[in-house]
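For reference, the structure discussed in these notes is given below.
The values are calculated or read from the model by the stated rules, or taken from the named source; none is laboratory data. These numbers were taken from a predicted model, which means no experiment stands behind them. Glycine also receives a Cβ, built like all others from the backbone with ideal geometry; neighbour counts cover every protein chain displayed.
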Amino acid sequence: MSLLDRIETPADLKRLNDRELQVLAGEIREFMIGTVAKVGGHLAPSLGVVELTLALHSVLDSPRDKIIWDVGHQCYAHKIITGRAQQFHTIRQHGGLSGFPNRRESEHDIIGTGHSSTSISHGVGLMEAVRLAGESGGERHVACVIGDGALTGGIAYEALNQAGHLRTPLMVILNDNEMSIKPNVGAISQYLNKLRLDPTLYKLREDFEHSLEKIPGIRGGMRSIKESMKAFLVPGMLFEELGFAYVGIVDGHDIKALRKSIKAAMDIERPVLIHIKTTKGKGYQPAEARPETFHGIAPFRVGTGETIKKPGPITYTESFGQALVKMAAENEKIVAITAAMSSGTGLYHFEQEFPERFYDVGIAEEHAVAFAAGLALGGYRPVVAIYSTFLQRAFDLLIQDVALHRLPVVFALDRAGLVGDDGPTHHGAFDLGYLSLVPGMTVMAPADEAELQHMLFTALEHDGPCALRYPRSAGEGVSLPERFETLPLGKARVVDRGEGALLVGIGSGVGICRRAARLMVEQHGIRPTVVNARFLKPLDEELIGRLASEHELVVTVEEGTARGGLGTAVAALLAQQAVPVKSFALPDAFVPHGKRELLLEEAGLTPEAVAGFAAGHLLDSKLLHPSHWQVSEQE
């Protein structure tokens, strides 16, 4: 029986010594790689913290002691040793384990963390709750595991500041792998690099080595001498000044050293930061060599690390990235901004072609928006490419810093709608609603990858803030334009003219409407009118209002929450008309994880659902002359 087979709860780890825990780490890695190769997932981040996970759980007493993972995609080993090894093959699958901590899954998951930089805030709050309840701080411990990438987010420093002020006996473990999804940027990254690679230290080392090599018998003590010099010359002064006791740098793959540091931190009656150095993708050579690729990976071949790809059309993300490069070649005022997501948002080629006009601000969405406002004030045309769900953090900046001043900032919202396996923390369900609330904001969504490029061009021509949102998925397979066109602002487009039912879609909803229309023709001989709304704000009230008066039913379709989106806007527009309006949208709930197609089916966002409702309503109401129907004998 393997060691892993003997682990049912974290308490079982306490029976193992350091050597056995190190062996267990290898077994967990092998188990993790084999599983993720089949189902996909966040492999590289979790491989990097296996030893840390075992050290924490073998020293602390979870769930009485709290371990908070920031970001949650490091939590696979944590799930495996907290009673979920037998379910691990269901990770990120519909009805299976979440890819992130999930309070509904386990008492060991303190809070679901799909984004970053919040763990220290949660930890300070938990420790204050202990104090307010009158419990002894020594009886409870809270450990916050935060990556160096997450330290680029300002929320982390707000929490560090308060923890230092309160002298909260909190343990912060800085998992330093020089990466978030890609290599980190900014002054904080440079500071941590200094802690690792201080040039003065290297110069002193070099001088000492030349001198010491001349002394007989001393070469064997070189390592300990050099490490002592580093500890003396490069303390974690930033953290010490914030009120934290600094411990580091600890080898994040040495369980004995980790356990020793954690035990020492538990005895310190003030906040402690343990700075550990890890390798992202540790133990699997393809992941170590390409940690960005294996941050979130599709199913792959274990032997080579090659992903198993299915052929298909260009993705919306790729279409956006290609078009922006072409536009930037013609307009030197275009600049691109992302929050640690250059590859995920399609900006990789822009970064290569125009490095002087590309800005990765780290995981700092609020700053990205305010920074874009400054660039716009200076006469540039910033394009801020951020995942839909992550832009929610910067909602106030959208209003106060951009829209209030009518600044021409373009927001490219990738991952709009349902993203699938990452689940509710990553679904872009709310953007249509929250963007449409902002005065002066133009909100649009393309029906295909070609229209996305025209919309981007239109947004860059517009003298005011614009947002275009598009899904994670592959496009419709249409040809991309050779020349970009400026779309008439706030004007919808009639895709197909029919009668009876008016189907109005926006974004991916247009494709659903078109396929629903085909089903209605094939199954019932009913040919509805299909409209591509294109713009939610400004809405084409004239066209939709006129067409609604000519039809017996209006159906709206959108891959966003039902509240505040296209359905809400059309219903309000037609409130004084007698025509009924039915909205097909995402539910007013947090949609779970699973394949996008399955989630859309559960939400009723399918061509079959739309066609069935529209045709059924018209047939039941007998609103059209019987000669219009071609009903089959079975019906």
Collect the residues in the range 432-447 that are surrounded by fewer than 22 Cβ atoms within 10 Å (Cβ to Cβ) and either closer than 22 Å to residue 480 by Cβ or β-branched (Val, Ile, Thr) (or both), keeping them in residue-number order. 438
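This table checks each residue for (1) touching a strand residue (DSSP E or B) at 6+ places or on another chain (Cβ under 9 Å); (2) surrounded by 15 or more Cβ atoms within 10 Å (Cβ to Cβ); (3) farther than 21 Å from residue 533 by Cβ; (4) without any contact (Cβ under 8 Å) to a residue 60 or more places away in the chain.
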{"site": "586", "(1), (2), (3), (4)": "yes, yes, no, no"}
{"site": "596", "(1), (2), (3), (4)": "yes, yes, yes, no"}
{"site": "613", "(1), (2), (3), (4)": "yes, yes, no, yes"}
{"site": "620", "(1), (2), (3), (4)": "no, no, yes, yes"}
For residue 562, only one of the following conditions fails: (1) modelled with pLDDT under 90; (2) over 17 Å from residue 506 (Cβ atoms). What is its number? (2)
Go over the candidates 400, 453 one by one and state the one that is free of Cβ contacts under 8 Å to residues at least 12 places away in the same chain, over 21 Å from the mean Cα position of the chain (by Cα) and not assigned by TED's automatic domain parsing to the domain that holds residue 95. 400
I need a count of the residues in the range 485-536 that are within 23 Å of residue 416 (Cα to Cα) and among the hydrophobic types (A, V, I, L, M, F, W, C). 16
Output the helices (runs of 4 or more DSSP H) that fall wholly within the range 62-172 and possess 1 or more residues being among the charged types (D, E, K, R) and surrounded by fewer than 20 Cβ atoms within 10 Å (Cβ to Cβ), or say none. 119-132, 154-166
The range 240-298: number of residues that are within 25 Å of the chain's Cα centre (by Cα), part of a helix (DSSP H, G or I) and buried (at least 20 other Cβ atoms within 10 Å of the Cβ): 2
Could you look through the range 547-584, keep only residues that are over 29 Å from residue 413 (Cβ atoms) and not aliphatic (A, V, I, L, M), and pick out the one that is surrounded by the fewest Cβ atoms within 10 Å (Cβ to Cβ)? 576
So, residue 329, is that one under 22 Å from residue 387 (Cα atoms) and not assigned by TED's automatic domain parsing to the domain that holds residue 39 or not? no
Residues of the range 1-21 being part of a loop (DSSP other than H, G, I, E, B) and surrounded by 17 or more Cβ atoms within 10 Å (Cβ to Cβ), in sequence order, are 3, 7, 16
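Among the residues in the range 455-462, are any closer than 15 Å to residue 555 by Cα and part of a helix (DSSP H, G or I)? Reasoning before the result, please.
Step one: of the range 455-462, the residues closer than 15 Å to residue 555 by Cα are none.
There is no residue in the range 455-462 that is closer than 15 Å to residue 555 by Cα and part of a helix (DSSP H, G or I).
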